[in-house]
Amino acid sequence: MIHTRASAADQLLYKITHDLSETVRALVELPKWICEDLADAHTNVSADVQENLDALIVNGTRLETLISGLQTYSRVGLHQILSVVDLPTKMAEFRQSITLPTTVELTTTCNTNSIQVYEPDFSNLCLALLDNAVKHRDNHTSSLRLSIISSDHLVEIEMEDNGPGISKELRSKATHVLTTLRSKDEVEGNGIGLALAQKVTDSYRGSLYLETAFPKINRGLRVRALLNDPAIGWGNKVKNNAFGLINS
């Protein structure tokens, strides 16, 4: 395991989110059951009442997603299993976890068939980066690329897109937990994705970099997570330690 015990803050966060999860689930399900009961009874409700019920479902779902994300965040570095991961299989699982419009293409590449990493943190990191790219795409986004490269005692996870990117002024905030750079009316984000990626990278004594993917046209975001290879211990191969941000 990477860490033998959680910090006091992580223990408290996990306990709170664990205790809230069933209540939040009820907040999501109850309005749905009310709608189903009204339909079964052939009862018509006013547009205002239906709008309120729909708003309960939307906001309850947002809260449920936030609670789930915070639970995952609080468990980073804990209860990890050192695993040999089959990358082609894992990449296929990542692809199946998302729904993309036909106008957006996802490319996945790796330079080896297997690597040794800690799970589930490795998968959670990749999924967080992928989910972040999907959520923050715009109408001009046409491609996403997830690559995993193992070399020189490092595992490099790179997520690249040709979307709107993150301005240099906002990159210092992007990896802070519960920080969203756009309103929920624009993007259904909860401020967990890049913060989770940063925390997992930190647990590997690694570095996370945010870069402009295509500087000439000022488009796209490239997120690079450098993880120290667990097979050789922490060693001296990690560069620039955690919280490294490249503004290019």
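The values are calculated or read from the model by the stated rules, or taken from the named source; none is laboratory data. As the structure is a prediction and not an experimental result, all values here were calculated from the model. Neighbour counts run over all protein chains shown; Cβ positions are idealised from the backbone, glycine included. For accessibility, only protein heavy atoms count, side chains too; no ligands or nucleic acids. Shrake-Rupley method; radii C 1.70, N 1.55, O 1.52, S 1.80 Å.
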Calculate the spin-label point distance for LYS173 paired with VAL85, positioning each point 7 Å from the Cα along the beta-carbon direction, and give it in nanometres.
3.1
Among the listed pairs LYS90/LYS173; LYS135/LYS173; LYS90/LYS199; LYS90/LYS135; LYS168/LYS216; LYS135/LYS199, which are separated by more than 26 Å between their Cα atoms?
LYS90/LYS173
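To the nearest µm²/s, what D does Stokes-Einstein give for the range 1-113 at 4 °C and 1.567 mPa s, using the Kirkwood radius over alpha carbon pairs as Rh?
On the way: Rh = 18.2 Å.
Translational diffusion coefficient: 71 µm²/s.
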Principal axis extents for the range 76-153, Cα atoms only, whole Å, descending order, please.
40, 26, 22
Name the longest site-free stretch of the chain, where the excluded sites are trypsin sites (Lys or Arg not before Pro) in a DSSP loop with no more than 15 other beta-carbon atoms within 10 Å.
6-181
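How do HIS176, HIS136, HIS79 stack up against each other in accessible area, from largest to smallest, with a 1.4 angstrom probe?
Sorted descending by solvent-accessible area, the residues read HIS79, HIS176, HIS136.
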Taking the Cα centre of the chain as origin and charging only Cβ (+1 Lys, Arg; -1 Asp, Glu), how large is the dipole, in debye to the nearest 20?
1140
Using the charge dipole of the chain (Lys, Arg: +1 at Cβ; Asp, Glu: -1 at Cβ; taken about the Cα centre), state which of VAL134, THR112, SER151 has its Cα farthest towards the positive end.
SER151
Mean shadow of the range 17-64, computed from the convex hull of its alpha carbons, in nm²?
3.2
For the range 17-31, in residue order, the Karplus 3J(HN,Hα) values (coefficients 6.51, -1.76, 1.60; θ = phi - 60°; whole Hz; Gly and Pro = x) are 5, 5, 5, 7, 4, 5, 5, 5, 4, 5, 4, 7, 6, 4, x
All other residues with a Cβ under 15 Å from the Cβ of GLN50 taken together, and with Lys, Arg as +1 and Asp, Glu as -1, what is their net charge?
-4
Taking the C-alpha atoms of the range 71-212, how large are the radius of gyration and the largest Cα-Cα span, Dmax, in Å?
14.9, 43
Over the chain, the sum of -39500 (n - 2.57) across DSSP H runs of at least four, divided by residue number and rounded to 500 deg cm²/dmol, gives at 222 nm -13500 deg cm²/dmol
Stretched out fully, how many nm does the piece from ARG25 to GLU105 gain, at 0.36 nm a residue minus the Cα gap?
25.5 nm
Share of Cα-Cα pairs in the chain lying beyond 24 Å, as whole percent
52
